[in-house]
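**Student:** Take this structure first; my questions come after.
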Amino acid sequence: MTDGSGTTGGSALPVASAGQTWAWLRRQLRARRWAVAGTVAAGLVAAAASVLPVYAFGRLVDEIRAGAGAGAIVPVTLVVLVSALVGGAANGLSTVLVTRLGEQLLAGLRERTVAVALRLPAAVLDRAGRGDLLSRVGADVAAIGRAASTVLPTLTSALLLGALSLAAMVGLDWRLGLAGALAVPSYVLGLRWYLPRSAPWYARERAAVAARSQLLVETMQGAPTVHAYRREAQHLRDIDGASARVRDLEVGVFRLFTRFGGRINRSEFVGLAAILTAGFLLVDAGAVTVGETAAAAVLFHRLFNPVAMIMFTFDDVQSAGASLARLVGVRNLEGEDHPPRPDGRPADAGLELRRVHFSYDGRTPVLRDVSLRVRPGERVALVGSTGAGKTTVASIAAGILRPGSGTALVGGVPVAELPPSVVAVVSQETHVFAGPLIEDLRLARPGATGDEVAAALATVGALDWVRELPEGEATVVGEGGRALTAARAQQLALARLVLVDPAVAVLDEATAEAGSAGARALEEAALAATRGRTTLIVAHRLTQAAAADRVVVLEHGTVVETGTHAELVAAGGRYARLWSAWSARTPVVTPERPGRAAAPAS
């Protein structure tokens, strides 16, 4: 369920409101107005071809009553034959056009949703649950895909046929058309009863499916831990309970839909009875012919299937609508319009955050008025206790998150407007993609030569162990291939950074996974990879802060200290206490700085 802003109360991933979903759909249809016009035109031709034989049938009835011979059936037969051929072709074309339009809309939305999801920080996905995201790009996309390929063509054809049939009844005699229209209020009342009751059920059903997916993902990913603590039975009970909730909601939806079907049948009876009664009275008064009344009755009776399709497909339409709102909700995490990105890098590669405020849920502030500047080529370390806001600052600096207020700039240009190659980030969670190791590195720069890849590996100190692998750079790594330690995986991430060659590097605890033994080697690799670049480091180990040109201390989302390592230790403040506690439990070998004088504090 959504609030007024289109966000959900129980998930960090939002669900779009009805207004936001319709606004997105209108924008997409306006952008494809010619495709929409062609689709409607083909549908109208198909509907007209279906209505025309009924007109001919009414004329035939009147001619036979007037004493026409057997030859009167020949023109009607020709009309029916031509209408069938034209209608079949137009109906097929309409189905193809409607399906293609729906699939194009879905493909664009799916790709944009995945693109936005790939840029979401891990913290947001952890709060929302990866099962929620997987259900959106899986089950929700499938629900919309079914609607686009089956429901949408049927619904479009039924709507056009219904509208044209009512117009044809009015053309026969406005009183017959009015009699048929008496069914419309009954249909509307049925929908007004059904829609407000069904929409919450469908939203709860999609949320329950997402919760079930989340449980399945957590259980499969945490299978070793589940086995270790013998919690298999508990997890199976939880999954069984989640599946039962989905089942109960689906049964409730079906029960509601069955009651809706009864209201549709009642509406059909009202309309047909009104036409037959009005036709009898009008024929008796000589106002209309028997053929016209018969044609009106047949037209209305032929509407039973199209109208039933329209009403009964609301089951799938509601489900697809709930799924569409969930996809548009993720899509809306990224603004619709993006300013054009310049091709080149800014002349000044300095990184600056100006009065940045940020909150994940819109209520609890994570950052408050954070301002800092990293001069071109300077290395600044962010330190602070857990929850101080370090990763959030790094994500905003890298353009992954957008601040609630304030700006992140590189060379005076907002980070969001810069080419992706200007700012690169290496996080603590590093994934090794399945395939040859050299292709894993070329993700950073697809056109990199073998020599360039080797040079990047050498820069971070990884070339020797890579060359010792069975097939060197061609060795298959990742899932199904050779497993790499966390430290080696992080070296590959740093080598990707070298290949990207960004002006600004953001390291978010990029050496945290090395452990005590490999920490020093990985810190040296990080120093080499970022040498000469403007660098912001979320320091997991305070030796990184000691090696930086300047240290910024965060507490509770606020900058409390800034200065060089020596200045802050001498000041005896928050950083000095952190350094003292670190030194007491960790043998400290202060690394050399990367060959430049400390910049003054901003």
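No lab work stands behind these numbers, since they all come straight from the coordinates. Computed from a predicted model, the values in this text were never measured in an experiment. Using ideal geometry, Cβ is built from the backbone for each residue, glycine included, and neighbour counts are taken over all protein chains shown.
**Student:** Can you compute the FRET efficiency between Val188 and Leu276 using 1/(1 + (r/R0)^6), with r the Cβ-Cβ distance and R0 = 22 Å? Round to the nearest 0.05.
**Tutor:** The computed FRET efficiency comes out at 0.50.
**Student:** Between Ala41 and Ala434, 0.36 nm times their residue separation minus their Cα-Cα distance comes to what?
**Tutor:** 136.6 nm
**Student:** How much length, in nm to one decimal, is gained on full extension between Arg33 and Trp174, taken as 0.36 nm per residue of separation minus their Cα-Cα distance?
**Tutor:** Stretched out fully, the Arg33 to Trp174 stretch lengthens by 47.4 nm.
**Student:** With a point put 7 Å past each Cα toward its Cβ, work out how far Arg259 is from Leu85 in nm, to one decimal.
**Tutor:** Those two pseudo-labels are separated by 5.2 nm.
**Student:** With both partners inside the range 402-531, how many of the DSSP beta bridges are antiparallel, as a percent to the nearest 5?
**Tutor:** Antiparallel bridges make up about 40 percent of those DSSP assigns within the range 402-531.
**Student:** Oh, and also: Mind running the shape call on the range 416-559? Use the C-alpha gyration tensor, a ≥ b ≥ c as the square roots of the eigenvalues: rounded below 1.5 for a/c, prolate if a/b tops b/c, oblate otherwise.
**Tutor:** prolate
**Student:** Per-residue HN-Hα couplings for the range 434-448, Karplus 6.51 cos²θ - 1.76 cosθ + 1.60 at θ = phi - 60°, whole Hz, x for Gly and Pro?
**Tutor:** 5, x, x, 4, 5, 6, 4, 6, 6, 4, 6, 8, x, x, 5
**Student:** Roughly how many Å is it from the Cα centre of the range 457-513 to that of the range 214-233, as a whole number?
**Tutor:** Their Cα centres are 30 Å away from one another.
**Student:** Okay, moving on. In the range 559-585, which residues have a backbone nitrogen under 17 Å from the label point lying 7 Å from His357's Cα in the Cα-to-Cβ direction?
**Tutor:** Label zone hits: 559.
**Student:** Could you order the peptides 153-162, 241-250, 94-103 from most to least packed, using the average number of other C-beta atoms within 10 Å per residue?
**Tutor:** Descending packing order for the listed peptides: 153-162, 94-103, 241-250.
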